[in-house]
Amino acid sequence: MENNSKVAIGIIPDGYIVKVIGKGTMEYCPELFQLLSEKIDKEATKNIYFELSEAIYLDSSFIGVIVSIQKKLKKIKGATLILLNPSQKVKDILSSMGLMDILPLQENLTYKNIEAKGEIKKRLEKNYKDIKILLESHQNLMEINPENKKRFGLVEEMLKKELEKENE
């Protein structure tokens, strides 16, 4: 299934929709975060939906990017981030991280007439910018739930060391 995974973005009348098929993993995070941040900052996008009915797995980096985007949107009056139709597996993952009450879910909602804007490419480079995105996404998860501090403390430590190496 790994090779069949894909993350696509499209335009809907009230914002953008991100469709995850298969696994949403850290390889998608840098481009996804940069693209959505640009939409929020430059286009004043107010609504971002993550359509997760075909997602079988989201890793902590991917979920952390969702939380990071939600934090950006919260600064804009009337802006929302909604997870659409998450599979039970995704709900279980979100629940284990204490996110079920943090990230709004909406089920049984489908959008038609989505204008495709392209596919997010898998790309992960060991550069300062990409490492910083991964670090911030994990730190956002750690802020939400004390269990996440234990779970991702080592990841945070490793990413900080990588940033220090990049700065040398």
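Of all the numbered requirements in (1) part of a strand (DSSP E or B); (2) of a type outside the set (D, E, K, R); (3) out of contact with any helix residue (DSSP H, G or I) (no Cβ under 6 Å at 6 or more places or on another chain); (4) in contact (Cβ under 8 Å) with a residue 40 or more places away in the chain, LEU83 misses one, and that requirement is (4).
Scan region 1-12 for residues that are touching a residue at least 24 places away in the same chain (Cβ under 8 Å) and more than 12 Å from the chain's Cα centre (by Cα) and jot them down. The answer is MET1, LYS6, ALA8, ILE9, GLY10, ILE11, ILE12. Within region 125-150, residues that are free of Cβ contacts under 8 Å to residues at least 60 places away in the same chain sit with their Cβ atoms under 8 Å from residues that are among the polar types (S, T, N, Q), at 6+ positions apart or across chains, in these pairs: TYR128/ASN167; MET142/ASN148. Looking across region 22-51 at every residue that is assigned to a strand (DSSP E or B) and in contact with a Gly (Cβ under 8 Å, 6 or more places away or on another chain), the one that is surrounded by the fewest Cβ atoms within 10 Å (Cβ to Cβ) is identified as ASN47. Looking only at region 109-122, decide whether some residue is over 13 Å from the mean Cα position of the chain (by Cα), farther than 26 Å from GLU38 by Cβ and not in a loop (DSSP other than H, G, I, E, B). Looking through region 109-122, none of the residues is over 13 Å from the mean Cα position of the chain (by Cα), farther than 26 Å from GLU38 by Cβ and not in a loop (DSSP other than H, G, I, E, B).
Restricting the first member to region 153-168 and to residues that are under 11 Å from ASN127 (Cα atoms), and the second to residues that are exposed (fewer than 12 other Cβ atoms within 10 Å of the Cβ), the beta-carbon pairs closer than 9 Å and six or more apart or on different chains are GLU162/LYS126; LYS165/LYS126; GLU166/LYS126; GLU166/ASN127.
Taken together, the values in this text are just the output of simple stated rules run on the coordinates, not laboratory data. The shown structure was predicted, so the numbers you read here are calculated from the model rather than taken from an experiment. Methodologically, a virtual Cβ is constructed for each residue, glycine included, from the backbone with ideal geometry; neighbour enumeration extends over all protein chains shown.
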